[in-house]
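S.K.: First the structure, then my questions, so here it is.
The values are calculated or read from the model by the stated rules, or taken from the named source; none is laboratory data. Everything numeric in this text was worked out from a predicted model, so none of it was measured. When we count neighbours, we look across all protein chains shown, and the Cβ atoms used for this are built from the backbone with ideal geometry, even at glycine. Heads up: the accessible areas ignore ligands, DNA and RNA and are worked out on the full protein's heavy atoms, side chains in. Shrake-Rupley method; radii C 1.70, N 1.55, O 1.52, S 1.80 Å.
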Amino acid sequence: MAQIEMRNVQKFFGANQVLKDFHLTIEDGEFVVMLGQSGGGKTTALRAIAGLETITDGKILINGKEVQDKKAADRDIAFVFQSFSLYPHMTVRENIAFPLRAVRMDAAERDSAIKEVAETLQIAQHLDRKPSALSGGDMQRVAIGRALVRRPQALLMDEPLGVLDTELREQMRAEIKRLHIARGSTSVYVTHDQIEAMSLADRIVILHDGVLQQVGSPDDVYLHPTNLFVAKFVGSPVMNIADVHIEGSRVALPGDGAGFQFDETTLSKLQNTGDGVTLGIRPEAVLLSQKKSKGYVEAVTTNIEPLGSHDIVDVRLGDTVMRARTESGFVRGEGAQVWVNLDPSQAHFFDNKTELNLRGGA
Amino acid sequence: MAGVRTPRETWTNRTAIFAVFVALVIMLTPIYWIAATAFKPRNLATTIPPTVAFTPEVSPFVKLFTKRSQLREQPTQEEYDAAPWWEKMVFDGGEKVVRNRKTGEVRSSGYGDRFKNSLIVSIISTLVAVSMGTLTAYGFSRFKVKGEDDWLFFILSTRMLPPVVVAIPMFLMYRVVGLNDTHMGLIILYTAFNLSFAVWIMKGFIDEIPKEYEEAALVDGYTRMQAFFKVVLPEALTGMAATAVLCFITAWNEYAFALIMTNRNAQTAPPYIPSQVGSGLPDWTVIAAGTLLFLIPVAIFTFLLRNHLLRGMSFGAIRK
Ligand SMILES: Nc1ncnc2c1ncn2[C@@H]1O[C@H](COP(=O)(O)OP(=O)(O)OP(=O)(O)O)[C@@H](O)[C@H]1O
Ligand SMILES: [Mg+2]
């Protein structure tokens, strides 16, 4: 097991900079998930750690030793690819044995290692089959088995569940988590599925355009996003975003005269650069009421999405449409009159220019 | 779908079978003709209309492998009785087998040697072209090569001239370096000729092999060379088989260079067979026998690799 550190890593493909001044320390035994949109550089970062991609500048350390100039074979790291990870011309057993043959492990030891991994991953009955005869889930189980069998320093996974259907993904997700807890292997997992990230990660790394946006626990990135990108990227339905006008203790939405009352000290602490402020508030922090009460502002519902366990209600406030999460059946129909308030403790303010969270984020 | 066919499908199916049948007849008729002629007595070989019913003989094959001359006088009864069965056939055809004056050994016609030359040259040049082509294609497919497209075009451009155009300069150059009429000379020539083709076809196949396969091997502790042999090669075998068949056929059938570059020592079968047409009155049965034998290696080679070949031919087409 190992600690992995990336220091000032830069990666260019031609003139295109894909990793920008990348700083990250992954602790021994930690499960880190890299989350980001397509093209964000997640795969590139992972491949750089594995040694499949050379880096343009910076250092990569495994257990404190610089490895950026070492070949992939010498880094003792395992990699699970999204697809095409099993050799079609070998049986499952041969596939799992393949990394062990590289280190010339003796046959008896090899057999027991294969047996152990096959039992952990419940693929023992498939050992003598060819990969083409396996289901998608079993293929990825075998791929993970092949990665784990030689007990590598760290396990890197690039969207290993990306090609599976939803049900299987959920099941495999649980298995990966169980496996991680049992083995405690340092793991880096790439995905663009935030539910996967939230449920697996000790820490989530959010990447956008090759820049690290935020590193933190799932709660951290959800509750304290450092900037507008993270705020919008994490959470479903997405956070409500609105340009606001702050006057004393009042936060006014465009076209809405009344505005919301906030604690004046909170608002005065915002490090406003003078470029204006954007309010971000998650649907569960938008509070609805059937009757007029103090601090509530009048609004009209425009759309209702009943989702069974809860409803997502769109309300129009001045020129802004906000989405609120309510218990199911709370509002009967569109065009109904409701009163809206915001939970000030869950409100975020972002500078319009820097897009940073003015309440400090994480 | 399975089992149940609409009338329209049945009709389409029958048409397809009929079309295949017609194509087969057109393609197989010349082969039947050659096969039939190879077993005919000489006097039936050129009758008009062609003789269909005849008693097959192996005498054309006996004549194919031996050197013969016209009989001036009939052999004596003792001579005839003492002769082995195959020599009797030659006597019956009004010819006699030429023997070495001192040892009495039967002189061969040279067809066997030419056939052997064809095998040596075609097999070796195919092996070399396919292996070099695969390695080159791998390089182009997996590494950043500066001016990759230009290089590939340059490689292909060697196929743009008809080979005869360069035959004379090649002949002169070969004479200087002493490669005329040697196996090595023809092997180099055929390898060079097939290489561009092998590179292009193999590049197509290797591009289709996901690079994750090798990368997985690289992180698992293998060198790139090991990864190539353990992972890429097994996956590329189908393509290599298809390429090998095509290279082999090209080398096996090559006529122009073989005619110009070789005469005795390294001559292959293609220039030899028609040379027999020109010597006196052609014996078409012998020429047919030589041609028929000449077809066999390609047929065997293709048959052995047929599964690979079918998959290989459709591989790129389906996935691209
Ligand atoms: N080998 C390469 N040569 C040139 N550009 C590349 C190469 N690999 C990746 N890139 C570029 O680098 C950027 C980041 O790619 P990367 O694959 O790391 O993104 P990603 O976050 O993994 O995206 P995805 O979610 O789609 O897998 C992209 O703009 C991509 O076009
Ligand atoms: Mg990726």
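S.K.: Name the residue, out of A:I144, A:I312, A:I49, whose mean-square fluctuation peaks in a Gaussian network model built on chain A with Cα pairs under 10 Å.
M.R.: A:I312
S.K.: Does the range A:185-341 come out rounded, prolate or oblate by the C-alpha gyration tensor, with a ≥ b ≥ c the root eigenvalues, rounded set by a/c under 1.5 and, if not, prolate when a/b is larger than b/c and oblate if not?
M.R.: oblate
S.K.: Can I ask one more? Tell me which DSSP H helices of chain B clear both cut-offs, 18 Å or more of axial length from alpha-carbon atoms and a mean Kyte-Doolittle hydropathy of at least 1.6.
M.R.: Span-like helices here: B:163-177, B:284-304.
S.K.: Given Cβ point charges of +1 (Lys, Arg) and -1 (Asp, Glu) and nothing else, what value in debye, to the nearest 20, does the dipole of the protein assembly as shown about its Cα centre take?
M.R.: 2760 debye
S.K.: OK, next. Which of the trypsin sites (Lys or Arg not before Pro) across the range B:1-73 are loop residues per DSSP, with 10 or fewer other Cβ within 10 Å?
M.R.: Of the trypsin sites (Lys or Arg not before Pro), the ones in loops of the range B:1-73 whose Cβ has at most 10 other Cβ atoms within 10 Å are B:R72.
S.K.: Still on this structure, please answer the following. Relative contact order of the range A:1-160: what whole-number percent is it, with Cα pairs under 8 angstrom and at least 6 residues apart?
M.R.: 25 percent
S.K.: Give a quick list of GluC sites (Glu not before Pro) in the range B:175-266 that DSSP marks as loop, anything other than H, G, I, E or B, with at most 14 other Cβ atoms within 10 Å.
M.R.: Here no loop site has a sparse enough neighbourhood.
S.K.: What distance in nm separates the two pseudo spin-label positions at B:V165 and A:D219, each 7 Å out from Cα along the beta-carbon direction?
M.R.: Rounded to a tenth, the inter-label distance reads 7.8 nm.
S.K.: Compute, for chain B, the length of the dipole vector about the Cα centre, with Cβ point charges of +1 (Lys, Arg) and -1 (Asp, Glu) only. Units Debye, rounded to 20.
M.R.: Roughly 200 debye, rounded to the nearest 20.
S.K.: On a 18 Å Cα-Cα criterion, which of the cross-link pairs A:K11/A:K65; B:K40/B:K116; A:K70/B:K203; A:K11/A:K42; B:K40/B:K63 come out too long?
M.R.: The answer is A:K11/A:K65; B:K40/B:K116; A:K70/B:K203.
S.K.: Under 16 Å from a label point 7 Å along Cα→Cβ of B:T55: give me every residue in the range B:17-42 with its amide N that close.
M.R.: B:39-42
S.K.: Let me ask something else about it. Could you work out [θ]222 nm for the protein assembly as shown from helices alone, using -39500 (n - 2.57) per DSSP H run of at least four and dividing by all its residues? Round to the nearest 500 deg cm²/dmol.
M.R.: -14000 deg cm²/dmol, from helical runs alone.
S.K.: Round to the nearest 10 and report in Å² the accessible area of A:K292, as given by a 1.4 Å probe over the protein chains' heavy atoms.
M.R.: My reading of the accessible area for A:K292 is about 150 Å².
S.K.: Which of rounded, prolate, oblate describes chain B, given a ≥ b ≥ c as roots of the alpha-carbon gyration tensor eigenvalues and a/c under 1.5 marking rounded, otherwise prolate only if a/b is larger than b/c?
M.R.: It is oblate, given that a/c is not under 1.5 and a/b is not larger than b/c.
S.K.: Then there is this: Can you tell which of A:Y189, A:Y87, A:Y222 shows the greatest fluctuation in a Gaussian network model of chain A with Cα springs below 10 Å?
M.R.: So, out of A:Y189, A:Y87, A:Y222, the one fluctuating most is A:Y87.
S.K.: Determine the relative contact order of the range B:111-314: mean sequence separation of Cα pairs under 8 Å and six or more apart, normalised by residue count, in whole percent.
M.R.: Computed value for the range B:111-314: 33 percent relative contact order.
S.K.: Give me, ordered by chain and number, the residues 5 or more places off B:T66 or on other chains with an amide H under 5 Å from its own placed amide H.
M.R.: B:S109
S.K.: Between A:T266 and A:R7, what is the label-point separation in nm under the 7 Å Cα-to-beta-carbon projection?
M.R.: The modelled label-to-label distance comes out at 4.1 nm.
S.K.: What FRET efficiency would be calculated for the residue pair B:A19, B:D181, taking the C-beta separation as r and a Förster radius of 45 Å, to the nearest 0.05?
M.R.: According to the calculation, E is roughly 0.45.
S.K.: Another question, then. Please state the relative contact order of the range A:119-243 as a whole percent: Cα pairs under 8 Å, 6+ residues apart?
M.R.: Relative CO of the range A:119-243 lands at 15 percent.
S.K.: Moving on to the next point. Looking only at other chains, what is the average number of their beta-carbon atoms within 10 angstrom of each beta-carbon in A:71-83?
M.R.: The shielding value for this peptide is 4.
S.K.: Calculated FRET efficiency, B:F91 and B:E148, Cβ-Cβ r, R0 51 Å, to nearest 0.05?
M.R.: 0.15
S.K.: Find, among the trypsin sites (Lys or Arg not before Pro) in the range A:30-98, those assigned to loop by DSSP (not H, G, I, E, B) with at most 15 other beta-carbon atoms within 10 angstrom.
M.R.: Hits after loop and neighbour filter: A:K70, A:K71.
S.K.: For the pair A:V300/B:R72, report the inter-label distance in nm, with labels modelled 7 Å from Cα in the Cβ direction.
M.R.: About 12.6 nm, to one decimal.
S.K.: With the cut-off at 1.5 for a/c, could you classify the protein assembly as shown from its C-alpha gyration tensor as rounded, prolate or oblate?
M.R.: Verdict is prolate for the protein assembly as shown.
S.K.: With point charges of +1 on the Cβ of Lys and Arg and -1 on the Cβ of Asp and Glu, referenced to the Cα centre of the protein assembly as shown, which listed residue (B:V298, B:L309, A:A133) lies farthest in the positive direction of the dipole?
M.R.: Result: B:V298, furthest along the dipole toward the positive end.
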